[in-house]
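Visitor: The structure is given below, and queries will be raised subsequently.
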Amino acid sequence: MLVQRYFQACNGLWAGDAPARARGLSLRTYRVVPVTRAAGVLEFVEGAVPLQQPITSMHERYRPHDAPQQEVVRRVRDAESEPVEGRVAVMKHIFSAMVRPALHWLFLERFPHPEAALQRRRAFSASLAAASAAGHVVGLGDRHLSNVMMVPSMGEVVHIDFGVSFEQAALLHTPELVPFRLTRDLTAAMGAGGVEAGFRQGLEASLASMRAAPSALGAVIGVVLDDPLCKWLADGRQRMLWQARMEEEERIRQLERERGRSVAGRSMSVAGSVLRAARGAEADEDAEAGAESAGSSEADEAAGPRYEAEEDGGSPPAERDTLAPEALAARRGAATAARLAAAAVANAGAFAGGEAEARARKALSRCQEKLQGHESLLQRDLDPAAQCRFLIEQATDMRHLAVLYRGWQAWM
């Protein structure tokens, strides 16, 4: 609900700013009615579908000779142990030889009249620019293809799932280094000019309008000091655990496919029990201060006896000699997942009391810095045009895209 109020405040600023209004900058919002502290009712956005749906559909119909997604994911996964330069080389190969953009066909297919197609392209570019500016200021991350919706009949994008905000995405198991999603399919959908076909101008106008009223936006964002940011910090830790578990499960499924046998039983048991312990510790707010000892003991109990050879999954030497290679690999992965989860449980109490408020104030300070044109990687403040240029460069930097979590699908 907080983010929706923030979006509404942005809409109010843009509606009162002539350049922003001329470009049709606005964010599609929806009603959120809280029922309890952790539950509520969301308005259904008529006609909205996950962005994954039209992108996948266009790729299947207009790029039938591109590499299957399973093959692309495999290439990305196999490169994850390589240095950044190696991962960049793999992503460049995917871009040039395996997957080509296809979302631009959506407007041509749905709107055969040129004027109608142009209007939808402009609406798409404007809504994406507005969402990118607003999302960047509050550090909105986790912008994979299921967390960005689209209304194909209008060309507008709608953002959902704001659990990873205030730059928490940089702290995920696989950090996100991009300020917003600006992949090749999105730029292709803007038209032949790409980001120059309205997106850059819209992003600059959005930022300029927001920077002209920092106190108004700061007042809306400031309500996180009451409580919501603390909950989002917990959501961020849970997201980190979930991401680590998903990576481990996928790795084990790959082992099963390669070996033709199931080796996942003990690994899933270990990872699952530790992650359940982590979630339980986070849910028990009264016991957060003692989460460190509880998390460590739960992880040790789930993982069984520990041995010095951590690289061998904690198996006793005699047992390692009899384990099949795939079973040993599964245990190694389970031990890694257990250590990650135990560390998260141990840190669960770190956000209680004064530290939570300090972190909230720090997050708000970063929002204010962005509204002044100060980006963390630079030592000077930027004007709106320079800030816009910098953010686009960061969002499309191959070194950032190549190291994203594979489920983010940076190639689409």
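Visitor: What residue, among those in region 101-127 that are charged (D, E, K, R) and touching a residue at least 60 places away in the same chain (Cβ under 8 Å), is surrounded by the fewest Cβ atoms within 10 Å (Cβ to Cβ)?
Guide: By that ranking, first place goes to Arg122.
Visitor: Output the residues belonging to region 113-127 that are within 14 Å of Ala197 (Cβ to Cβ) and not small (Gly, Ala, Ser).
Guide: Selection gives Leu118, Gln119, Arg120, Arg121, Arg122, Phe124.
Visitor: Can you name the residue in region 52-81 that is outside any helix (DSSP H, G or I) and over 22 Å from the mean Cα position of the chain (by Cα) and, of all such residues, is surrounded by the most Cβ atoms within 10 Å (Cβ to Cβ)?
Guide: It comes out as Asp66.
Visitor: I've got another one for you. I'm trying to understand the selection: among the residues of region 7-51, which are polar (S, T, N, Q), within 23 Å of the chain's Cα centre (by Cα) and surrounded by fewer than 17 Cβ atoms within 10 Å (Cβ to Cβ)?
Guide: Gln8
Okay, residues lined up against (1) farther than 17 Å from Ala410 by Cα; (2) touching a Gly at 6+ places or on another chain (Cβ under 8 Å):
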| residue | (1), (2) |
| --- | --- |
| Ser125 | yes, yes |
| Ala134 | yes, no |
| Val148 | no, no |
| Gly155 | yes, no |
| Phe162 | yes, no |
| Thr174 | no, no |
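Visitor: Take region 115-146 and flag every residue that is closer than 28 Å to Arg359 by Cα, not hydrophobic (A, V, I, L, M, F, W, C) and not in a loop (DSSP other than H, G, I, E, B).
Guide: So the first thing to find is which residues in region 115-146 are closer than 28 Å to Arg359 by Cα, and the list is 130-144.
Those left that are additionally not hydrophobic (A, V, I, L, M, F, W, C): 132, 135-136, 139, 141-144.
If the condition is that a residue be closer than 28 Å to Arg359 by Cα, not hydrophobic (A, V, I, L, M, F, W, C) and not in a loop (DSSP other than H, G, I, E, B), then Ser132, Gly135, His136 are the ones that fit.
Visitor: Considering each residue of region 19-36, count those that are without any contact (Cβ under 8 Å) to a residue 40 or more places away in the chain and either assigned to a loop (DSSP other than H, G, I, E, B) or closer than 19 Å to Ala410 by Cα (or both), and give that number.
Guide: Total meeting the criteria: 4.
Visitor: Right, something else. Restricting to region 85-110, name every residue that is within 14 Å of Gly191 (Cα to Cα) and either among the small types (Gly, Ala, Ser) or not in a helix (DSSP H, G or I) (or both).
Guide: The answer is Pro101, Ala102, Leu103, His104.
Visitor: Considering region 158-185 alone, what residues qualify as being buried (at least 21 other Cβ atoms within 10 Å of the Cβ) and over 16 Å from the mean Cα position of the chain (by Cα)?
Guide: Passing the criteria: only Asp185.
No value in this document is a laboratory result; all are computed from the given coordinates. Small disclaimer: the values here were computed from a predicted structure and weren't measured. So basically every Cβ, Gly included, is an ideal-geometry build from the backbone, and we count neighbours across all protein chains shown.
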